[in-house]
Amino acid sequence: MSPNAQQTLDPVRPSVLELCPVSGRIGAVVSGVELSGDLPEETVDEIRLALLRHKVLFVRGQHHLDARSQSAFARRLGELIDPDTVIPSLDAWHSDATFLDRPPLASVQRALEVPAQGGDTVWANTVTAYEDLPVELRDLADRLWFLHSAAHGTLETRHPLVRVHPETGERAILLGGFAHSVVGLSRRADSEALIRLFQEYVTQLENTVRWRWAVGDVAIWDNRATQHRVVNDFGDRPRRLHSVTIAGDVPIAVDAARAGRVDQQ
């Protein structure tokens, strides 16, 4: 994706995609495109642009995709994380793999088998969540850093609560289920209170979009500007989705400080 935010977000540039927003703040359906095909570069550019604008894109009816062509499409958006790398997820709200010093840029997920009822996924816009903060909370958020850990604390990274999006320049809240404590606070209750405070801005209903999956659907989300979670209401009914993850970069704080592994600091 282009590092020039002004050029990338130029509203005058004509679109070759059919886009239909599905909520007021996040999400759009893309139609008229087959992701497994030999897409022209201008179409891929428009997908990148739409992703920056809408944060998550939905493409129906991609039954022609298989694992190989799904990876081939995702590779057009960036370098892929090694498929043998295990990226643990959560049922709770989260951005993917924030315990890494370079959390993923984006993911491309394909529905293989879904329950007749339940099993939706919900995404939240972490940019508009930041914009909703009162000025006093923005000032606090801009200064806070959090520790994020994988399961059992095997990998821990220090991230700013507010990261500057490397392409759009937007400020986004970097939080979610892998975040567990505030750097510099010794009382666990204080960290939990701050996590709860800022997380509630992320997940307010006005800030979300909920997607009812059908087999063949593809979702593409910008992990730098979203959180998501599965609605775990489908019991033991089968639900299989295949994800391909695109490598990201080191989050940069408002003051230009960089995130990093705790054991490397």
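One table, with the values for the structure above:
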quantity	calculated
Check on R163, more than 19 Å from the chain's Cα centre (by Cα) and basic (K, R)	no
Residue check, R163 surrounded by fewer than 21 Cβ atoms within 10 Å (Cβ to Cβ) and basic (K, R)	no
For R53: the one exception among (1) among the basic types (K, R); (2) more than 22 Å from R229 (Cα to Cα); (3) in contact (Cβ under 8 Å) with a residue 40 or more places away in the chain	(2)
Counted residues, the range 75-91 - those being at pLDDT 95 or above and farther than 23 Å from V164 by Cα	2
Extreme residue, modelled with the lowest pLDDT, among residues of the range 242-260 that are outside any loop (DSSP other than H, G, I, E, B) and open to solvent by less than 40 Å² (accessible area, probe 1.4 Å)	G260
The range 181-197, subset among the hydroxyl-bearing types (S, T, Y) and at pLDDT 95 or above, residue farthest from E156 (Cα to Cα)	S191
Every pair of residues 6+ apart whose Cβ atoms lie under 9 Å, when the first sits in the range 177-196 and is in a loop (DSSP other than H, G, I, E, B) while the second is open to solvent by less than 80 Å² (accessible area, probe 1.4 Å) and of a type in the set (V, I, T)	G177/T98; F178/T98; F178/T157
Scan of the range 212-240 for residues that are over 9 Å from A124 (Cα atoms) and open to solvent by less than 20 Å² (accessible area, probe 1.4 Å), ordered by number	W213, G216, D217, V218, A219, I220, W221, D222, N223, R224
Filter result (farther than 18 Å from S95 by Cα and open to solvent by 40 Å² or more (accessible area, probe 1.4 Å)) within the range 166-191	G169, V183, G184, L185, S186, R187, R188, A189, D190
Inter-residue pairs, beta-carbon under 9 Å, first assigned to a helix (DSSP H, G or I) and in the range 36-48, second open to solvent by less than 40 Å² (accessible area, probe 1.4 Å) and of a type in the set (D, E, K, R), 6+ apart	R48/E167
Any hit, the range 13-24, residues being aliphatic (A, V, I, L, M), crowded, with 21+ Cβ neighbours inside 10 Å and in a loop (DSSP other than H, G, I, E, B)	no
From V262, V202, V244, V218, residue being touching a Leu at 6+ places or on another chain (Cβ under 8 Å) and over 26 Å from E170 (Cβ atoms)	V262
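The values are calculated or read from the model by the stated rules, or taken from the named source; none is laboratory data. Treat the numbers as computed from the prediction; the structure is a model and nothing was measured. With ideal geometry, Cβ positions are generated from the backbone for all residues, glycine too; neighbour counts draw on all protein chains shown. Areas reflect the complete protein model, heavy atoms only, side chains present, ligands, DNA and RNA absent. Shrake-Rupley method; radii C 1.70, N 1.55, O 1.52, S 1.80 Å.
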